[in-house]
Amino acid sequence: MSQKILIIKLSALGDVVHTLPIPRTLRQEYPDAFIAWMIEERYQDLLYNNPDIDEVIPVRTKTWRKNLNKETLNEVLQTIKNLRQKKFDVVFDLHGLLKSGVIAMLSGAPVKVGFHRKNCKEKISALFTNKKGPYMAGGIHVVDMYLTLLQSALGAQSEVKQFPLSVPDDQEKNVEGFFQQHPDLTAKPIVAVNPGAGFETKHWELERFARLADRMAEELNYSVLLTWGPGEEHKVNQIAASMKQKSWIAPPTTIQESIALYKRLRLLVSCDSGPLHLCAALGVPTVSIFGPTDPVRNGAYGLSHDTVYKMLSCSFCWKRKCPLGTNECMQQVTVDDVFEAVQSNQKI
């Protein structure tokens, strides 16, 4: 197949990681195809040196929406013009959103592949695709949903569940320098605690993270590394201040530096977050705490992962603000619950 294929998956970090098996499968199935990926500019480093992608098309849709003026309008029109000039044969809308559906339509590709209307996050997006995947009920991980869509649309016979992630040498060296400066950190297996998450209802109390970290250091003989993303440094500072045992705070990292850092871990403990999915893609064992989001659909993908959650009548509401005002699903997960999962994971 020498066709030109466009993948539309703009964001966020975990969602982009979950999509990596798509170009991997396409490349194996159609070795001569030209494969491009449209992605938000801030996440394009996840695709660095990806062997399956011929072109990365960075866009700034968030900037466009926040600052709609003559300059950004010209940028939008130029992006559309460039897309159409590439004459894609097939486009995959792997979001199921209005904006991704519109981009798929404006690409000019004759075959526009998208989810069944009931699987679209914004059902109106189904109007802009002309080849739909089958309806997929609950109980399927999003990685498998993407692969099912690909197979149904193009008749692909194989699926390659691999997540290629590359890091430039200079970024690897930056991270190596951090570890060399802290030989006491690397003297024991490293467990990272990542308290951040995309929205409020996914958060677990920082005081609980501190108590858990103390127990992992004292009872399981781990070095505890506190990791964080943009705007989250205050969280790890608060955890470190609340801990009785020694901990280390990770330096500020780019996306690529964070990949290099996570590769050094024995275990990650996290809420539903981008770092969780990066670690899963890298084969690093994880223990994750879930509340409003469904771990069956959006949990760490693969083996050596444990998820801690409590089933309530309102579980997996996907709300950014708790309708009950209590964050009950996260509140009910205790330090003992998570520590037991860490102990269990350690035996794998």
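Remark: relative contact order (region 1-144) = 21 percent; criterion is Cα-Cα distance under 8 angstrom and separation of 6 or more residues.
Using C-alpha pairs below 8 Å separated by at least 6 residues, the relative contact order for the chain is 15 percent. For the chain, modelled as a GNM whose springs connect Cα atoms under 10 angstrom apart, the maximal fluctuation among 188, 161, 62 occurs at 62. When the chain is treated as a Gaussian network with alpha carbon springs shorter than 10 Å, the biggest mean-square fluctuation among 179, 163, 209 belongs to 179. Using the empirical formula 2.2 N^0.38 Å as the baseline, the Cα radius of gyration of the chain reaches a ratio of 1.03. Between the helical axis of 206-219 and the longest alpha-carbon principal axis of the chain there is an angle of about 60 degrees. Per the Cα gyration tensor, region 144-291 maps to an equivalent ellipsoid with semi-axes of 30, 19, 14 Å, ordered largest to smallest. Could you list, bin by bin from short to long, the percent of Cα-Cα pairs of region 123-227 in 5 Å steps? Each 5 Å bin holds this share of Cα pairs: 2, 8, 11, 11, 12, 12, 13, 10, 9, 7, 3, 0. Counting protein heavy atoms only, region 79-204 has 51 percent of its accessible area on carbon and sulfur, 1.4 angstrom probe. Computed about its Cα centre, the charge dipole of the chain is approximately 1240 debye, with only Lys, Arg, Asp and Glu carrying charge at their Cβ. By accessible area, using a 1.4 Å probe on protein heavy atoms only, region 212-348 has 48% of its surface on carbon and sulfur. Which is farthest toward the positive dipole end of the chain among 341, 201, 129, measuring Cα position about the Cα centre, with Cβ charges +1 (Lys, Arg) and -1 (Asp, Glu)? Most positive-ward Cα: 129. Ignoring lysines fewer than eight residues from residue 132 along the same chain, the ones with Cα atoms less than 26 angstrom from its Cα are 4, 9, 81, 86, 87, 99, 112, 118, 121, 123, 161.
With just the Cα atoms defining each centre, how far is region 295-324 from region 71-87? Give it in Å. If you average the Cα positions of each part, the centres end up 38 Å apart.
For the chain, the solvent-accessible area of protein heavy atoms averages 45 Å² per residue (probe radius 1.4 Å; ligands and nucleic acids excluded). Once the convex hull of all Cα atoms in region 5-95 is built, its volume per residue stands at 91 Å³.
The values are calculated or read from the model by the stated rules, or taken from the named source; none is laboratory data. Everything numeric here is computed off the predicted structure, so don't read it as measured data. Don't worry about glycine lacking a Cβ; one is built from the backbone with ideal geometry, like all the others, and counts go over all protein chains shown. Surface accessibility is based on the protein's heavy atoms, side chains included, excluding ligands, DNA and RNA. Shrake-Rupley method; radii C 1.70, N 1.55, O 1.52, S 1.80 Å.
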